[in-house]
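The values are calculated or read from the model by the stated rules, or taken from the named source; none is laboratory data. It should be emphasised that the depicted structure is a prediction, and the values quoted were computed from it without experimental measurement. Glycine also receives a Cβ, built like all others from the backbone with ideal geometry; neighbour counts cover every protein chain displayed.
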Amino acid sequence: MSYINENFLELQESYLFSTIAKKVANYTQEHPDKKVIKLGIGDVTRPIVPACIQAMHQAVEEMGTLEGFKGYGPEQGYDFLRKAIAQYDYHARGVDIAEDEIFVSDGAKCDTGNIVDIFAQGNVVAITDPVYPVYLDTNVMAGRSGAFNPETGTYEKIVYLPVMAENDFKPELPNQKVDMIYLCFPNNPTGTVLKKEELEKWVKYARENHAVILYDSAYEAFITEEGIPHSIYEVEGAKEVAIEFRSFSKTAGFTGLRCGYVVIPKGVKGYTKQGKEVSYHQLWNRRTCTKFNGASYIVQRAAEAIYSEEGQKQIKENIGYYMENARIIREGLEKAGIPYYGGVNAPYVWLKVPDGKTSWEFFDTLLQEYNVVGTPGSGFGPHGEGYFRLTAFGTKENTIEAMERIKSKGC
Ligand code: MLT
């Protein structure tokens, strides 16, 4: 007889974005005449930029020649891409990250999910609430969550760090000792950011408590204001306590292409039960070699092209396009008299649900009456209740139309 991993039975319902997709599919099937505008999942709409397309064409041609053909590549990523990442994403910002501290992957969702493999089951995990569901669900699957309490909507062993309007969406340090801390800034779902001095206190906490910060900076390219850290390694001492995740999905439209990377500096250490120090870099490298054969060569060539002069210019145009959508959403909400947050340094706008409705009630109203899809805040955690997320990744025309509908109906 085979036994299942019972941790999976502790998971709540289906994955948030699958639930939404199902609801939308049902609605459109019943109302084929309606034009539904999707501002729910953060999936991009701008095509991949010409610099990347050209790089892929070239890589495809190479693969068809005896000299250029590539079989298995390095599991950690090709040197050309790791070098470009180190240089442009880190050295250019005065951050010293070595090329071999970068692991190229098929996306940040996999990395943020798979990273749990290298941590002991007994670690205490802190997550912000609301949070990108992958951090929580993967720790539930790994058996680190304890039981779910339906009354509070929380797991007994997870330490929740509320982020809400009342604390300006800045998580407070936990009042108990935790071992793994997930932080995502610019934040998904709230679209808010932390300043350097606010991040410093987390690095200090992690250093004092021998904890590890799992820092997701997938949205750093959307920062428009000066003085907001793009990487946690801009904070002194972070290289000993932080693992950073990055993604090309939103930055360069790679949601369908799949490529991202994780940075694990060699100085980030964990401990055996006997108290022996072990580098997480070593463990992740071992895991990667065993479970992954590297991102595709063609895709890595496309990622490299992001860092070319042309590539940078082209992706910045797309990012500007999305941030203009964010501005349109903010302006629309302002006109509709709906309080909102974010959308200045992030492609997400987090709004306060009007009329005392729950997040899911508002979801249904928006879908059925306005034919606009967003993401209910409570899907990201109990403190997301009463909030709602709109993404700036739609087309400009659809974003304008969605906001017109919301304004005109006096939502
Ligand atoms: C989101 O909508 O939160 C993201 O698109 C999900 C993801 O990146 O996996």
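The table for this structure:
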| read-out | value |
| --- | --- |
| Restricting region 200-249 to residues that are basic (Lys, Arg) and in contact with an Asp or Glu (Cβ under 9 Å, 6 or more places away or on another chain), the residue that is nearest to Gly320 (Cα to Cα) | Arg246 |
| Residues of region 68-81 classified as in contact (Cβ under 8 Å) with a residue 24 or more places away in the chain, of a type outside the set (S, T, N, Q), touching a helix residue (DSSP H, G or I) at 6+ places or on another chain (Cβ under 7 Å) and at negative phi, total | 6 |
| Residues located in region 380-392, provided they are surrounded by 24 or more Cβ atoms within 10 Å (Cβ to Cβ) and over 10 Å from Asp129 (Cβ atoms) | Tyr387, Phe388, Arg389, Leu390, Thr391, Ala392 |
| Among (1) within 16 Å of the ligand (Cβ to nearest atom); (2) out of contact with any Lys or Arg (no Cβ under 8 Å at 6 or more places or on another chain); (3) part of a loop (DSSP other than H, G, I, E, B); (4) more than 17 Å from Phe103 (Cα to Cα) - the single one Tyr182 does not satisfy | (3) |
| Enumeration of residues in region 1-56 that are among the polar types (S, T, N, Q), under 23 Å from the mean Cα position of the chain (by Cα) and under 16 Å from Asn398 (Cβ atoms) | Thr45 |
| Among (1) of a type in the set (A, V, I, L, M, F, W, C); (2) outside the structural domain of Val24 (by TED's automatic domain parsing); (3) touching a strand residue (DSSP E or B) at 6+ places or on another chain (Cβ under 8 Å); (4) more than 16 Å from the ligand (Cβ to nearest atom), the one test that Ala59 misses | (3) |
| Qualifying residues in region 234-244 (those that are of a type outside the set (A, V, I, L, M) and closer than 16 Å to Pro186 by Cβ) - the one farthest from the chain's Cα centre (by Cα) | Glu234 |
| Number of the condition not met by Thr152 [criteria: (1) outside any helix (DSSP H, G or I); (2) of a type in the set (Val, Ile, Thr); (3) at pLDDT 95 or above] | (3) |
| Residues within region 389-410 that are of a type in the set (Lys, Arg) and within 16 Å of the ligand (Cβ to nearest atom), tallied | 1 |
| Selection count where residues are out of contact with any His (no Cβ under 7 Å at 6 or more places or on another chain) and either of a type in the set (Lys, Arg) or part of a strand (DSSP E or B) (or both), scope region 86-139 | 9 |
| Checklist (1) out of contact with any helix residue (DSSP H, G or I) (no Cβ under 6 Å at 6 or more places or on another chain); (2) on the phi < 0 side of the Ramachandran plot applied to Gly381, failing item | (2) |
| Yes/no for Val349 being modelled with pLDDT of 95 or more, in contact with a Ser or Thr (Cβ under 9 Å, 6 or more places away or on another chain), of a type in the set (A, V, I, L, M, F, W, C) and surrounded by fewer than 23 Cβ atoms within 10 Å (Cβ to Cβ) | no |
| Strands (runs of 3 or more DSSP E) fully within region 312-411 counting 1 or more residues that are within 25 Å of His31 (Cβ to Cβ) | 348-352, 387-391 |
| Check on Ile127, within 16 Å of the ligand (Cβ to nearest atom) and buried (at least 23 other Cβ atoms within 10 Å of the Cβ) | yes |
| Failed condition for Ala25, given (1) surrounded by 16 or more Cβ atoms within 10 Å (Cβ to Cβ); (2) away from the ligand (no atom under 16 Å from the Cβ) | (1) |
| Count of region 293-304 residues which are in contact with a Pro (Cβ under 9 Å, 6 or more places away or on another chain) and under 27 Å from Thr391 (Cβ atoms) | 0 |
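Yes/no per residue for (1) more than 16 Å from the ligand (Cβ to nearest atom); (2) surrounded by fewer than 15 Cβ atoms within 10 Å (Cβ to Cβ); (3) within 16 Å of Gln300 (Cβ to Cβ):
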residue	(1), (2), (3)
Arg46	no, no, no
Ala55	yes, no, yes
Glu67	yes, yes, no
Gln76	yes, no, yes
Asp79	yes, yes, yes
Arg82	yes, no, yes
Ala86	yes, no, yes
Asp89	yes, no, yes
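Every residue, every condition in (1) away from the ligand (no atom under 16 Å from the Cβ); (2) outside any strand (DSSP E or B); (3) basic (Lys, Arg); (4) surrounded by fewer than 16 Cβ atoms within 10 Å (Cβ to Cβ), yes or no:
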{"residue": "Tyr233", "(1), (2), (3), (4)": "yes, yes, no, no"}
{"residue": "Phe245", "(1), (2), (3), (4)": "no, no, no, no"}
{"residue": "Gly256", "(1), (2), (3), (4)": "no, yes, no, yes"}
{"residue": "Pro265", "(1), (2), (3), (4)": "yes, yes, no, no"}
